[in-house]
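All remarks here apply to the structure that follows.
Values quoted throughout were computed directly from the atomic coordinates according to the rules given, and no laboratory measurement underlies them. Small disclaimer: the values here were computed from a predicted structure and weren't measured. Because the Cβ atoms are built from the backbone with ideal geometry, glycine has one as well, and the counts that use them run over all protein chains shown.
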Amino acid sequence: MNDFTFDDYKTMIEDHIMDFMPDVDLKSITLYEAMKYSISAGGKQIRPVLLLAACDFCGGKAAEALPYACAVEYIHTYSLIHDDLPCMDDDDLRRGIPTNHKVFGEAVATLAGDGLQSVAYEVMQKDMLLYFDDPDALKRKIKAALEIVKGAGVKGIVAGQIADIEAENKSVSKELLDYIHLTKTAALIVAAVRAGARLGGCSEHDLENLTVYAENLGLAFQVCDDILDVEGNAEIMGKQTGMDAEKMKATYPALYGIEESRKKLKQLTDNAINALSEYYDNAELFVKLAGELATRAS
Ligand code: FPP
Ligand code: MG
């Protein structure tokens with residue numbers, strides 16, 4: 001693996017995130033403005049960075065993975081826009097600025113989410129069209145796109161979202177809580193890592209280890225989010241806090257309490273890091289990211 005840091009990859013994404021946005025007709029300029037509003041609002045870019053890093057880690061070239069990395073960020077951003085809608089979690093603040101529907105209205109925000117999702121698939125398929133003469137590369141790209149589509153789909157974040165909504169105001173089992181977190185949050189993180197690994201031409205062994213890393217990181221990510229919602233300030237989060245309790249959401253702090261949640265976060269972080277122990281310093285970016293995430297909520 002090279003010496004690129006998280007910030008190096010993040011800069012790559014930020015430099016190219018608008019490259020794949022389609023030119024729109026003047027008549028649909030509102031749609032474009034609404035999509036651009038949320039895309040350029042300054043997300044942490046964790047998923048696309050993971051995709052690029054996994055691609056490099058497995059021997060590929062990050063630059064060639066950019067369309068897939070941006071596709072993951074488009075999908076993630078669409079999911080946040082829809083999650084914030086009044087018919088979902090009804091939030092006013094995201095990424096430190098008013099939510100999409102607060103600025104553009106519910107109808108436009110819904111369509112901006114739809115638009116971003118379709119752009120994601122378009123970007124990946126356009127890239128595949130360039131590789132008809134290279135069947136091995138084409139195969140890697142098809143497999144990568146499938147990982148992303150699955151993570152975004154009815155066994156991924158869409159399944160998680162409906163389970164999350166249906167669990168509101170109910171007491172849920174530990175199994176259901178894990179299912180919600182694995183689907184609504186970990187699924188797209190796992191998809192990003194696996195897609196990057198596929199693009200890099202990973203071995204089955206490396207894919208397995210990276211998947212264990214990503215599942216644990218994804219769960220840790222949501223536990224951290226849950227803890228910060230109880231304890232964090234809106235500035236760190238870029239969104240209103242205390243909302244989970246208000247909506248009686250199924251969260252780790254609600255089911256286990258804060259101290260147990262912190263222990264769970266530590267255990268998940270350790271699991272993630274241990275999954276990559278055989279790679280020593282080569283997995284530094286992944287290990288560092290898991291560690292930094294855990295300290296956000298400690
Ligand atoms: C914050 O990510 C997002 C999560 C913790 C995931 C929550 C899951 C959903 C909202 C699922 C929604 C699904 C549908 C289908 C509507 P982040 O902290 O990386 O955010 P950032 O990109 O703003 O930094
Ligand atoms: Mg939600």
Practice item. With a 4.7 Å Cβ cut-off, tell me which Cys residues in the chain come up empty for a partner. Key: Cys55, Cys70, Cys87, Cys224
Review point. Going by average Cβ neighbours within 10 Å, how do the peptides 166-175, 63-72, 271-280, 40-49 rank, with the highest at the top?
Key: 63-72, 40-49, 271-280, 166-175
Exercise for review: Calculate the length of the line joining the C-alpha centroid of the stretch 240-298 to that of the stretch 52-67, in whole Å.
Suggested key: 25 Å
Revision key, fill the gap. If R0 = 35 Å, then Gln125 and Gln267, at their Cβ-Cβ distance, give a FRET efficiency to the nearest 0.05 of 0.30
Practice item. Taking only Cα atoms and a 10 Å spring cutoff, compute GNM fluctuations for the chain and point out the largest among Gly105, Gly196, Gly60. Key: Gly105
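Pairs Lys36/Lys266; Lys44/Lys141; Lys184/Lys263; Lys36/Lys184; Lys141/Lys263: which exceed 27 Å Cα-Cα?
On the way: Lys36/Lys266 36 Å; Lys44/Lys141 25 Å; Lys184/Lys263 21 Å; Lys36/Lys184 24 Å; Lys141/Lys263 38 Å.
Listed pairs above 27 Å: Lys36/Lys266; Lys141/Lys263.
Express the relative contact order of the stretch 178-266 as a whole percentage, based on alpha carbon pairs under 8 Å and six or more residues apart in sequence. Mind dumping the intermediate values first?
Working: 81 pairs, mean separation 23.2, N = 89.
In percent, rounded to a whole number, it is 26.
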Check your understanding: So how do 14-24, 250-260, 197-207 stack up, highest first, on mean other-Cβ count within 10 Å?
Key -> 197-207, 250-260, 14-24
**Study point:** Orientation-averaged projected area, Cα convex hull of the stretch 1-150 (nm²)
**Key:** 9.3 nm²
Check your understanding: By the scheme Lys and Arg +1, Asp and Glu -1, what is the net charge of all other residues having a beta-carbon under 12 Å from that of Gln222?
Key -> -4
Point to revise | Packing-based order for 125-134, 95-104, using average beta carbon neighbours within 10 Å, highest first | key: 95-104, 125-134
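Any idea what diffusion coefficient the stretch 20-62 gets from Stokes-Einstein, in µm²/s, Kirkwood Rh on alpha carbon pairs, 37 °C, 0.692 mPa s?
Values: Rh = 12.6 Å.
For these conditions, the coefficient is 261 µm²/s.
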**Study point:** In nm, spacing of pseudo-spin labels at Met248 and Glu106 (7 Å Cα→C-beta vector)
**Key:** 2.3 nm
**Study point:** Fraction of alpha-carbon pairs over 34 Å apart in the chain - percent
**Key:** 17 percent
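Less than 10 Å Cβ to Cβ from Ala54, Lys/Arg counted +1 and Asp/Glu -1: what total charge do the surrounding residues give? Each step should come with its number before you reach the end.
Details: positive: Arg194, Arg198; negative: Asp56, Asp206.
So the surrounding residues net to 0.
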Point to revise | Whole-Å distance, taken between Cα centres, linking the stretch 147-225 and the stretch 103-119 | key: 24 Å
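What number in nm² do you get for the stretch 128-208 if you take the convex hull of its Cα atoms and divide its surface by four? Mind dumping the intermediate values first?
Values: hull surface 24.3 nm².
In nm², the orientation-averaged hull projection of the stretch 128-208 is 6.1.
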Point to revise | the chain - percent relative contact order, Cα under 8 Å, separation 6 or more | key: 20 percent
Point to revise | Pairwise FRET efficiency - Ile29 versus Asp133, Cβ, R0 = 51 Å, nearest 0.05 | key: 0.85
Revision key, fill the gap. Percent of all alpha-carbon pairs of the stretch 188-298 at distances over 22 Å, whole number, is 37 percent
Check your understanding: Applying 1/(1 + (r/R0)^6) with R0 = 41 Å to the Cβ-Cβ distance of Glu175 and Ile142, what FRET efficiency is obtained, to the nearest 0.05?
Key -> 0.75
